[in-house]
Amino acid sequence: AMPDCTKETYYNFPWNADYIKLCRVVIGDGITRIGSYAFYDMNGAFSLKIGSAVEEIGEYAFGYTYVTKVNIPSNVKRIESYAFAWSDLREVSFAEGLEEIGDYAFYAGENRLGAAPVVRLPASLKSVQGRSFAWVRAFEVAEGSESYTAVDGVLYSRDMTSLISFPKQREQTVYRIP
């Protein structure tokens, strides 16, 4: 596992030096956890490949970075709060296996994102915080989910008793809750 850092100590990682601009980050197959603040505030646009043993992504691990696309593989079970907050993500995909997404995990302001994406959540997801995503156009939930459903792009609990997240990029002024 990669060690956790704090906002005050993340700059101790050698790849966080101001003069280093990585183009590609590959998390090896021996890493089981990407530590908190591991790549926080890293300069330059880069692609990201997450290894087959990673089970958790720590808080702010890729916060305030220029990563543009990520595929979350089936081995990742938990994404902690703010893991990709304020990054330049324009595309994210989740494989079946993911169980938990923390608060503000994929939060970004509209000036950071291009076109607002449609987010497809896996059926395996058991816990997602309502503020995990911002600036999305719509949600979709994979068939077979026991925890969530999406109706007209809005995320609800499976039993429809809780509205979990209303996409901030919906272009309408009135929404009637079913």
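The values are calculated or read from the model by the stated rules, or taken from the named source; none is laboratory data. Keep in mind that what you see is a predicted model, and the values were worked out from it rather than measured. Neighbour counts are summed over all protein chains in view; Cβ atoms, including those assigned to glycine, are modelled from backbone coordinates with ideal geometry. Just so you know, the surface numbers come from the protein's heavy atoms only, side chains and all, with ligands and any DNA or RNA stripped out. Shrake-Rupley method; radii C 1.70, N 1.55, O 1.52, S 1.80 Å.
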Are any residues in the range 90-106 open to solvent by less than 60 Å² (accessible area, probe 1.4 Å) and more than 17 Å from Glu140 (Cβ to Cβ), and if so, which ones? Gly97, Gly102, Asp103, Tyr104, Ala105
Looking at the range 106-131, which of the residues that are under 23 Å from Ser74 (Cβ atoms) and either in contact with a Phe, Trp or Tyr (Cβ under 6 Å, 6 or more places away or on another chain) or not in a loop (DSSP other than H, G, I, E, B) (or both) is modelled with the lowest pLDDT? Val118
Of Leu89, Leu22, the only residue that is assigned to a loop (DSSP other than H, G, I, E, B), modelled with pLDDT under 85 and under 12 Å from the mean Cα position of the chain (by Cα) is Leu89
Please enumerate the residues belonging to the range 132-154 that are of a type in the set (Gly, Ala, Ser), in a strand (DSSP E or B) and surrounded by fewer than 20 Cβ atoms within 10 Å (Cβ to Cβ). Ala138
Across the range 53-80, which residue is surrounded by the most Cβ atoms within 10 Å (Cβ to Cβ) among those that are farther than 17 Å from Ser132 by Cβ and modelled with pLDDT of 95 or more? Val54
